[in-house]
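The values are calculated or read from the model by the stated rules, or taken from the named source; none is laboratory data. Because the structure is a prediction, the values reported are computed rather than measured. No Cβ is skipped: glycine too gets one built from the backbone with ideal geometry, and neighbour counts run over all protein chains shown. Surface areas here come from the heavy atoms of the whole protein model, side chains and all, with no ligands, DNA or RNA. Shrake-Rupley method; radii C 1.70, N 1.55, O 1.52, S 1.80 Å.
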Amino acid sequence: MGKEYSIGETAALLNISRDALRFYEKKKLVMPRKRENGYRYYTEADIRILLDLICWRKAQWSIEDIRSMYDEGGPAYMGDLLTVRIEEEKKRIQEHKMMLRKLYVLQYAGKKITEGLNQYRICSIPRTYILSEMVDTYDEVRELWFAKAKNPGMEHCVLHEQYTVEEGALTYKCYLALEEYPVKKLKLDEVASQSSWFQFAQCVNIIYEAESDQVDWAAIEAMKRWAAERGVCLTGEIHGHYLWNNQRRGEFLKSYIQLYMPVKISK
């Protein structure tokens, strides 16, 4: 006769709780014997069954799947179930990888804000891809974003506003844009490869708090004054976009806007 184990000894041996053992018994996945005094005891065969159960449960198999596998009683059925679970797990892995990439992109935007909030500075602007047609109003570019945000990764595009001096007149255009870092992280290289882009070696840059999600003219004039006071010569081109908002219990408090203007580079 092989060795027999009490419920306490079995729980300690397998590093599981007594409640777990009772649960497996309730589900009829293991059936310990009972002595005349009512105490359960587990045989070596029961221990082997429990070791398998623990293995399947650690692989996140449901009780229903485990029961089906044992009820069918064949390796072919087990193989089919494993194939399904492997494909499900691959899909989850891809979803988790995409989520991690999105979190890195959000972290990138958050770092921008913490490092540049309310500070004028001269810095470079990385390659920035124009990922939509240019339109004339902010409402139009918002509609573009609604349409393109259905595609994975494109929801991270910024609604970019650009003022440019053309033939002595200031023109305004909006489009969806994304810097190189998020493009790489979100694996949008193929989309970006078919898009035009810009980058600037030097810009006057600030991230400021605003009451709307659009660049306002007061912030533009303030940046021009800051540059003029320091003898910084600007090209006249203006770029800006919304980064993030702050709200409390559903009530909007403020937006964070990035504004920058290219600096003329002396030859």
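General observations
- Gain in span if fully extended, K111 to S266, counting 0.36 nm per residue against the direct Cα distance: 52.7 nm
- 10 Å binning of all Cα-Cα separations within the stretch 43-146, expressed as whole percents from 0 upward: 10, 21, 21, 13, 13, 14, 7, 1
- Centre separation in Å (Cα based) which lies between the stretch 54-88 and the stretch 193-267: 56 Å
- Across the stretch 202-207, coupling constants 3J(HN,Hα) worked out from phi with the 6.51/-1.76/1.60 Karplus curve, θ = phi - 60°, read 9, 9, 7, 9, 8, 10 Hz, and Gly and Pro carry x.
- Placing +1 on the Cβ of every Lys and Arg and -1 on the Cβ of every Asp and Glu, with no other charges, gives the stretch 91-248 a dipole of roughly 1080 debye about its Cα centre.
- Only Lys, Arg, Asp and Glu carry charge here, each on its Cβ (+1 for the first two, -1 for the last two); on that basis the stretch 2-71 has a dipole of about 180 debye about its Cα centre.
- Estimated [θ] at 222 nm from DSSP helical runs (n ≥ 4, -39500 (n - 2.57)) normalised by residues in the chain, nearest 500: -14000 deg cm²/dmol
- Identified option (computed Cα Rg over 2.2 N^0.38 Å; candidates (1) 0.98; (2) 1.68; (3) 1.07): (2)
- Percentage relative contact order, the chain, counting C-alpha pairs under 8 Å, at least six apart: 16 percent
- Spin-label model distance (nm) - F23 vs E4, 7 Å beyond Cα toward Cβ: 2.7 nm
- Positive-end residue, the chain charge dipole about Cα centroid, Cβ charges, pick of L103, V215, A177: L103
- Assuming charge only on the beta carbon of Lys and Arg (+1) and of Asp and Glu (-1), the dipole of the chain about its Cα centre is about 1240 debye to the nearest 20.
- Most to least packed among 125-137, 32-44 [average Cβ atoms within 10 Å]: 125-137, 32-44
- Using R0 = 22 Å, the C-beta based FRET efficiency linking N15 and E95 works out to 0.10.
- Coupling constants for the stretch 235-244 follow from the phi torsions by the Karplus curve (6.51 cos²θ - 1.76 cosθ + 1.60, θ = phi - 60°), and in residue order they are 6, x, 7, 10, 10, x, 6, 6, 10, 6 Hz; glycine and proline get x.
- Selected from I86, I49, P152, residue furthest toward positive end of dipole (the chain; charges at beta carbon): I49
- Between the amide H of S6 and those of Y42, distances stay under 5 Å, these residues lying 5 or more places away or on another chain, with hydrogens modeled in the peptide plane.
- Carbon-plus-sulfur accessible fraction, the chain (probe radius 1.4 Å, protein heavy atoms only): 51%.
- For the residues H96, H241, H156, a GNM of the chain with alpha-carbon springs under 10 Å puts the largest fluctuation on H96.
- Set K97/K254; K184/K254; K111/K150; K3/K34; K148/K254; K224/K254 screened for pairs whose C-alpha atoms are more than 20 Å apart: K97/K254; K184/K254; K111/K150; K148/K254; K224/K254
- Comparing K26, K91, K187 in a Gaussian network model of the chain, where Cα atoms under 10 Å apart are tied by springs, the biggest mean-square fluctuation is seen for K26.
- Kirkwood-type radius of the stretch 196-267, with distances r between different C-alpha atoms, in Å: 13.4 Å
- Amide N proximity, the stretch 113-139 versus N151 label position 7 Å along Cα-to-Cβ, cut-off under 18 Å: 128-135
- Considering only P262, S132, Y77, the residue lying farthest towards the positive end of the dipole of the chain is Y77, judged by Cα position with unit charges set on Cβ.
- Within a Gaussian network of the chain (alpha carbon springs, distance under 10 Å), most fluctuating of E180, E95, E64: E64
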